[in-house]
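S.K.: Dumping the structure here so I can ask a few things about it.
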Amino acid sequence: MPERDRGPARRYARNYVDARLSIAEFFIPASLVLVAAVIFAGSQPAVAVFAVTGLYVLVIAAIADAIILGRRLRGLTRARFGRSATGAAMYGVMRAFQIRRTRLPSPLVTRGEWPS
């Protein structure tokens, strides 16, 4: 396992992120669809305006989700592991933006399962 993925705090953060459904996880596929809608809107400006507005809403929702996840993870890992948990929250936030099937190391928990 690479150095960036080692340690009990990172494992806890990884399992916590993998156990929840995240808006950020759908950011890349949804943004690709919305950008394609803008490109192919052509002579229908209403579709383009809707797609751009949807993209802005998606970005704001993903940022808000990342902030909430980061704060929650920072509190949980510091309470459980103390000072050795530095960087685990950002590690978890960055993992949340990856599509679940492409995450490495592979998820060990199912959705909804609380990490132990």
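S.K.: Counting only residues that are more than 25 Å from R72 (Cα to Cα) and modelled with pLDDT of 90 or more, how many does segment 1-29 have?
M.R.: 1
S.K.: Quick one: is L76 out of contact with any Cys (no Cβ under 9 Å at 6 or more places or on another chain) and either farther than 13 Å from F27 by Cβ or without any contact (Cβ under 8 Å) to a residue 24 or more places away in the chain (or both)?
M.R.: yes
A quick yes/no check of all residues on (1) farther than 18 Å from R10 by Cβ; (2) touching a helix residue (DSSP H, G or I) at 6+ places or on another chain (Cβ under 8 Å):
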site	(1), (2)
P29	yes, no
L32	yes, no
A36	yes, no
Q44	yes, no
V49	yes, no
G70	no, yes
A89	no, yes
M94	no, no
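S.K.: Look at segment 34-63 and say how many of its residues are among the β-branched types (V, I, T), exposed (fewer than 12 other Cβ atoms within 10 Å of the Cβ) and farther than 27 Å from A89 by Cα.
M.R.: Here the count works out to 2.
S.K.: Is at least one residue of segment 98-109 in a helix (DSSP H, G or I), out of contact with any strand residue (DSSP E or B) (no Cβ under 8 Å at 6 or more places or on another chain), free of Cβ contacts under 8 Å to residues at least 24 places away in the same chain and among the β-branched types (V, I, T)?
M.R.: For segment 98-109, residues in a helix (DSSP H, G or I), out of contact with any strand residue (DSSP E or B) (no Cβ under 8 Å at 6 or more places or on another chain), free of Cβ contacts under 8 Å to residues at least 24 places away in the same chain and among the β-branched types (V, I, T): present.
S.K.: While we're looking at this one, here's another question. Within the set of pairs 6+ apart or on separate chains, which have a first residue in segment 1-15 that is touching a residue at least 40 places away in the same chain (Cβ under 8 Å) and open to solvent by less than 60 Å² (accessible area, probe 1.4 Å), a second that is assigned to a loop (DSSP other than H, G, I, E, B) and β-branched (V, I, T), and C-beta atoms under 6 Å apart?
M.R.: From segment 1-15, the pairs are N15/V109.
The values are calculated or read from the model by the stated rules, or taken from the named source; none is laboratory data. Being a predicted model, the structure only gives us computed values, none of them experimental. Backbone-built Cβ (ideal geometry, glycine too); neighbour counts: all protein chains shown. Just so you know, the surface numbers come from the protein's heavy atoms only, side chains and all, with ligands and any DNA or RNA stripped out. Shrake-Rupley method; radii C 1.70, N 1.55, O 1.52, S 1.80 Å.
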